[in-house]
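The values are calculated or read from the model by the stated rules, or taken from the named source; none is laboratory data. Owing to the predicted nature of the structure, the values given are computational and were not obtained by experimental measurement. Cβ sites come from the backbone with ideal geometry, for glycine too, and all protein chains shown count toward neighbours.
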Amino acid sequence: MFPTPTRTNFFTLPTEIRLSILEYVLPPPHPDSGVRDLTVTGPIEPFFVQIDDIPFYSEQRWKSSILTICRQFRTDFTNLVFSRTVFSVRVSNRSVRSLHSRLADLRPCQIASIRYLIVEKEEHEFQALSQWSHYPFNIPNFNLTILTIGLASSPMAIENTAKIAKMLRGLRNVQTLRIIGNFCTVKGGFKAWYNQLVGLILKEDHRQRYDVADAPNVEETWWEWSFGNQTQSAVFKAQKSKPVVGEEEYMHMIKPLMETWMRSVET
């Protein structure tokens, strides 16, 4: 007699193959996913862990349902699903829980799996960016592909801009930082604030390289910046730090950036 063939199903496949299959089922989100209107608060649909006030945008909800199929799916696929999901949270004076307390509901490996995070901040919360030390929200576990910060759609007086410029020199674990004006009213306009920030980044970089007592202090992260007039968004993409060179060579290297910045100020 011939031996009875062993039946193969999804669960008998090696974990690596199951993960590879799910990677095709769960493509990474579109870079603009969830940012069309940050002022809209959708229905709260918690993940399988209770994360209150962290809703998923409609195009993302089906991903979380995969984890409710069975315990094995939850064990094998939680980190992958987290990495392919856009998380969104609003932080304000009226928030019952801070972002840190909400994330406390997650295991460290789950926090480390988050790649796409949208945070809408009111004025006092946005100022707190200047207090970050190396990591977004001072959370070392974060390793974000895109961090989007939407300003609250209300009048704002953005202070601490110079401190934010200094913070960006040492910021790690963020590939793209996107700040969206979101119809907020900033003195001089949101683009004027963006130009001020870029100018301060350039000024601080020169100071740290050539003027301070212990120079050169090279940035941990250099940023490639751009501004979208239609979307009213400031985008900063992480780059390798600039090399240590003489001041004359540095000024020649940085000249195109200065010229682009000056054109932005003039328009």
Taking residue 208 as the residue in question, decide whether it is in contact with a Ser or Thr (Cβ under 7 Å, 6 or more places away or on another chain), among the polar types (S, T, N, Q) and in a helix (DSSP H, G or I).
no
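Hey, among the residues in the stretch 240-254 that are over 30 Å from the mean Cα position of the chain (by Cα) and in a helix (DSSP H, G or I), which one's nearest to residue 216 (Cα to Cα)?
Going residue by residue through the stretch 240-254, those that are over 30 Å from the mean Cα position of the chain (by Cα) are 245-249, 251-252.
Narrowing the set further to residues that are in a helix (DSSP H, G or I) leaves 247-249, 251-252.
Working: 247: 11, 248: 14, 249: 14, 251: 15, 252: 17 Å.
That would be 247.
On the given criteria, is residue 159 modelled with pLDDT under 80, out of contact with any Phe, Trp or Tyr (no Cβ under 8 Å at 6 or more places or on another chain), crowded, with 17+ Cβ neighbours inside 10 Å and not in a strand (DSSP E or B)?
no
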Of all residues in the stretch 87-122, count the ones that are surrounded by fewer than 18 Cβ atoms within 10 Å (Cβ to Cβ), among the hydrophobic types (A, V, I, L, M, F, W, C) and modelled with pLDDT under 80.
2
Selection from the stretch 164-196 of residues within 19 Å of the chain's Cα centre (by Cα) and assigned to a strand (DSSP E or B) yields 174, 175, 176, 177, 178, 179, 180
